[in-house]
Amino acid sequence: MRAKGLPLHLHAAPFLQQATTTPRVMLDVVYALVPVILASLWWFGLSALLVLLASSAGAVLTEWLFSPPHRRGASLRDGSAILTGLLVGLTLPPGMPLWMASVGGVASIGLGKLVWGGLGNNLFNPALVGRAFLQAAFPSAITTWTPCCGDFFSLPPGTLAFPFMHAGIDAVTSATPLGLMKFQQQATPYRDLLIGNVAGSLGETSGMMILLGGVYLVLRRSIDWRIPAAIVLSAALVSGVLFLLNATRFPDPAFMILSGSLLFGAIYMATDPVTSPLTPRGTWIFGVGIGVLVVLIRLFGGLPEGVMYAILLMNAATPLIARYSQPRVFGHG
Amino acid sequence: MNALTARPHSFRHGIHPQEHKQQTVHLPTQRMPFVSQYILPLNQHAGKAARSLVKSGERVQRGQLLAKPDGFISTALHSPVTGRVTAIAPRRHPDGRLTTAIEIEADPYATQRYAAQSMIDWRTLSRQEFVEHVQQAGLVGMGGAAFPSHVKYAFPDDRCVKHLVINGAECEPYLTCDHRLMLERPAAVLQGIEILRQQLGAERASIGVEMNKPDAIRALRDLIRPDQPIAVVPLQVKYPQGAEKILIQAMFGVEVPAGKLPIDLGMVVNNVATVAALADYFGTGMPLIERTVTVAGPGVVRPANLQVPIGTPVRDVLAWCGGLTADTKAVIMGGPMMGTPLVSLDVPILKGSTGILAFSEAEMELPTEYTCIHCGRCIEACPMSLNPSRLGRLAKVRRHQDMEKYHVMDCMECGSCTFACPSGIPIVQLVRMAKAAMRKERST
């Protein structure tokens, strides 16, 4: 025992800490994306990999360049930049020109996160801000859907397009299940929606793989299960009622949930803790809002897909929801 | 009914820290030998400090009254040894401050046996007399808070106690002294409960024990006579189950309203160690001059459960346990969730000291702090259903009035939020500082 020296390490209780850290939470989401990424490689080949690399590089580079110097290391280590980059990439079509994908990464971190003051301060989901930026800037490229299941190494003509030059518009295109439904009243078999051999954004086509990642995240308690549950249930309920009213005009609830990016958005986007309410009651309100908005936009709006706008709109409502959904404090009636 | 098959009771939220109890749970309570010097701060209970009755140089007997209560929310202090008062002077208190203490040098030739006085017939005492006796015995809540016990028993006559609640949860990791007490002296616990139940006129008594102590549950149940209205309630293992209001919610599913006390629901909550000390006092006349302390943590060479005279310096306690390992970085008094880090080893064991824990660098390392990502883990941890994330943010920018709107004053500083935060934000520490600043603002 020390003769005279004092054990001088002092800080106030508690002295115990659970093991999960914020970088670990971020890493968990990256792990949960692995099956989704593998599915995108399987169905869309090399171009998927290149798009993901381009968007992640844009995101990480922006984070590094524009973080305040004293926070630079920490903000890269928390793992949120690479995650945002991957998420943006997974919302893009496989034939997206690579330079546009990296612009998406730059916009997501720059406009989605850093201008707000960095991780934890942003109001909108950064990845979706990046995608919304691309949607506004390059509306035709982001809706040019390359068909799936081609040769692994064959790249769509637009992929390597030079920045601001004309992208090959004569690409072979195809329609997404939602586009087919909206404009041609043509349904896609559920089996294809589950395994993912349909046209669409990189990460959204394989329902099965998305659910696999979701189960992992819920088991690891890295996401709040209430949000995807609320989105799926409310979307099913609203579209179910409409389907019962007019089965020829409206698609059935199962199609509504499995098609497009509803599952991907519900599990990986809406659950971003920073931009969703953190009280249990608030998460239900938030999820139901997204589910209802998705169905309304898809069925009554001009676009075939509405997940991105539904989530962004509910992001905007999050502070308000948080204010009115504070938990009831112990001992207060 | 087997303790392990009964449906366990519990409360909302809370956390599951690693228990770390295996280090000492199997170690029977040992009596630590007497050392040469004892330090007895006059303010080792909540409320007003006691007033010294002795002078420097005076000879004192073990169990002799050293200081009398100063007012009602104050209690007596007795000598833990036969010896000589060497000083009444400022000494380091475990909380870090210098406070007046009576220093006693033990007589090396005294036998230090407590001369048992005649039993006090508690059945003949009125409640008023009973309360005075408890105050004269210097009894305090021994689960850590050290609130003078007699105050709890002196409720106004228009109130009545229906239910006596006994706290055997011992939810703090590492600590096993209450567990050992229930196992080794269940009769004393039950005797204390019986005295208290009859004196307070309670119809029933329930002992809440977490299910990680099945042997203690069995030991108590085996001794309860069928005619005694005493029940042992197994509780799910969860922190902070031993907090008074949380224990009541866990056992009976009711919430003590904010600003009210358990007595407003007809309940009085006491720790198992407190009722055992009560039984000792009425059985032998011995006031509160010793207690059981768990000495544990990776920095202790020979962990132990020790019965030590109150006032024993921590340095001597650790020396008796083989000293500290070389990599020890901190010594903590109390449990790891709510305990106090010691600035010096020359501070005494107090009436409310449940444990002495020694930690190395690895346990004491502060986590890297990231920004709050609003994950909600603190909300799911907070037993009071507060919004710690919000409170922490407001505390950082000193928005104290807004903190009050978010009920910061209901926070009992259990530390569950800091434990749960993946971003390593010291939430409870921020809240604690804000509350101190708010008290200061109010007093000026």
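How many of the residues making up the range B:352-377 are within 25 Å of the chain's Cα centre (by Cα) and more than 9 Å from chain A (Cβ to nearest Cβ)?
6
Please go through the range B:337-351 and pick out each residue that is within 28 Å of residue B:278 (Cβ to Cβ) and either aromatic (Phe, Trp, Tyr) or within 9 Å of chain A (Cβ to nearest Cβ) (or both).
Passing the criteria: B:337, B:338, B:339, B:340.
Residue B:216 fails exactly one of the following numbered conditions: (1) farther than 24 Å from residue B:157 by Cα; (2) of a type in the set (A, V, I, L, M, F, W, C); (3) within 14 Å of chain A (Cβ to nearest Cβ). What is the number of that condition?
(3)
Condition check ((1) β-branched (Val, Ile, Thr); (2) not in a loop (DSSP other than H, G, I, E, B)) across all residues:
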site	(1), (2)
A:281	no, yes
A:286	no, yes
A:292	yes, yes
A:305	no, no
A:311	yes, yes
A:317	no, yes
A:333	no, no
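List, please: which pairs have Cβ atoms under 7 Å, are six or more places apart or on different chains, and start with a residue in the range B:245-273 that is without any contact (Cβ under 8 Å) to a residue 12 or more places away in the chain and outside the structural domain of residue B:188 (by TED's automatic domain parsing) and end with one that is surrounded by 22 or more Cβ atoms within 10 Å (Cβ to Cβ) and of a type in the set (Val, Ile, Thr)?
Within 7 Å, no pair qualifies.
Has the range B:389-410 got at least one residue that is more than 7 Å from chain A (Cβ to nearest Cβ), in contact (Cβ under 8 Å) with a residue 24 or more places away in the chain and closer than 22 Å to residue B:171 by Cα?
no
Determine whether residue A:203 is more than 14 Å from every other protein chain (Cβ to nearest Cβ) and touching a Leu at 6+ places or on another chain (Cβ under 8 Å).
Here the answer is yes, as residue A:203 does meet what is asked.
Could you list all residues from the range B:288-334 that are away from chain A (no Cβ under 13 Å), hydrophobic (A, V, I, L, M, F, W, C) and touching a Cys at 6+ places or on another chain (Cβ under 7 Å)?
Answer for the range B:288-334, where residues must be away from chain A (no Cβ under 13 Å), hydrophobic (A, V, I, L, M, F, W, C) and touching a Cys at 6+ places or on another chain (Cβ under 7 Å): B:293, B:304.
Rundown of residues vs (1) small (Gly, Ala, Ser); (2) within 19 Å of residue B:288 (Cα to Cα), yes/no style:
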position: B:96; (1), (2): yes, no
position: B:133; (1), (2): no, yes
position: B:170; (1), (2): no, no
position: B:181; (1), (2): no, yes
position: B:199; (1), (2): no, no
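So for the range B:254-265 (the condition being touching a Lys or Arg at 6+ places or on another chain (Cβ under 6 Å) and outside any loop (DSSP other than H, G, I, E, B)), does at least one residue qualify?
Step one: list which residues in the range B:254-265 are touching a Lys or Arg at 6+ places or on another chain (Cβ under 6 Å), which gives B:256, B:263.
Of the ones still in play, those that are also outside any loop (DSSP other than H, G, I, E, B) are B:263.
Yes, the range B:254-265 contains at least one residue that is touching a Lys or Arg at 6+ places or on another chain (Cβ under 6 Å) and outside any loop (DSSP other than H, G, I, E, B).
Would you pick out the residues in the range B:70-88 that are within 23 Å of residue B:308 (Cα to Cα) and not hydroxyl-bearing (Ser, Thr, Tyr)?
B:76, B:77, B:78, B:80, B:81, B:83, B:84, B:85, B:87, B:88
The values are calculated or read from the model by the stated rules, or taken from the named source; none is laboratory data. Keep in mind that this is a model prediction, so the values were computed, not measured. Heads up, the Cβs are rebuilt from the backbone with ideal geometry, glycines too, and the neighbour counts pull from every protein chain shown.
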